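Everything on this sheet refers to the single structure shown next.
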Amino acid sequence: MTETVTETTVPTGNETDIFRTLNTMPQYSVLRELLLLAGLDQTLATGGPYTLFAPESTAFATSITKDQESMIRADPALLEPVLLYHVVEGTYTAADLKNVTSLTTLEGSTLNVTVSGDTVTVDGATVVEADIMATNGVIHGIDAVLLPPDVTMP
């Protein structure tokens, strides 16, 4: 008796890592630039799985001042923790986020997650683009820059 094996192709979504996926999306150009400046591009290209809460470029203009952005850029001791505060170990899709209330970031602090209807917020930032899949995790676009609790900006 001969068995017939049928292969099912399951779409895997994006076939690139988190950092290369960001490279294809112009709305994240400021974040990409900061990740490169901090040397975290390789972490998001080769590590994981991760969930990245990615501030859109407009978020840098609306949620922090130009002086604050300049301060973050100029100080590596500030830049890396701010960026790592946007990254969580593990892959959390939008559906997964509806079942959690907090997540620990790579920076070490906790992000508070709230859901109201179809709206997900993370530490007060609204997820505006969900479930951008990558080979080593997922990206959620957010409308604000998140700052760790121990970072104070003038």
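Miscellaneous remarks
- Residue within segment 118-137 that is of a type in the set (Ser, Thr, Tyr), in contact with a Ser or Thr (Cβ under 6 Å, 6 or more places away or on another chain), open to solvent by 60 Å² or more (accessible area, probe 1.4 Å) and part of a strand (DSSP E or B) present: no
- Complete set of residues in segment 98-109 that are open to solvent by less than 70 Å² (accessible area, probe 1.4 Å) and closer than 19 Å to Val145 by Cα: Ser102, Leu103, Thr105, Leu106, Glu107, Gly108, Ser109
- Lone qualifier among Leu78, Leu52, Leu83, Leu34 - being surrounded by 17 or more Cβ atoms within 10 Å (Cβ to Cβ), modelled with pLDDT of 90 or more and outside any helix (DSSP H, G or I): Leu52
- When segment 75-101 is limited to residues that are polar (S, T, N, Q) and over 15 Å from the mean Cα position of the chain (by Cα), the one that is nearest to Leu36 (Cα to Cα) turns out to be Thr101.
- Meets criteria (touching a residue at least 40 places away in the same chain (Cβ under 8 Å), among the β-branched types (Val, Ile, Thr) and more than 19 Å from Val82 (Cβ to Cβ)) for Val128: yes
- Output for segment 97-130, where each listed residue is of a type in the set (D, E, K, R) and at pLDDT below 95: Lys98, Asp118
- Test result for Leu103, under 19 Å from Tyr28 (Cα atoms) and not in a loop (DSSP other than H, G, I, E, B): no
- Leu146 meets all of the listed conditions (1) open to solvent by 40 Å² or more (accessible area, probe 1.4 Å); (2) part of a loop (DSSP other than H, G, I, E, B) but one, namely (1).
- Residue count for segment 55-75, restricted to those that are part of a helix (DSSP H, G or I) and farther than 18 Å from Tyr28 by Cβ: 6
- Residue in segment 6-21 that is surrounded by 16 or more Cβ atoms within 10 Å (Cβ to Cβ), at pLDDT below 95, aromatic (Phe, Trp, Tyr) and not in a strand (DSSP E or B) present: no
The values are calculated or read from the model by the stated rules, or taken from the named source; none is laboratory data. Keep in mind that what you see is a predicted model, and the values were worked out from it rather than measured. Using ideal geometry, Cβ is built from the backbone for each residue, glycine included, and neighbour counts are taken over all protein chains shown. Note: accessible area is taken over every heavy atom of the protein model, side chains too, but ligands, DNA and RNA are not part of it. Shrake-Rupley method; radii C 1.70, N 1.55, O 1.52, S 1.80 Å.
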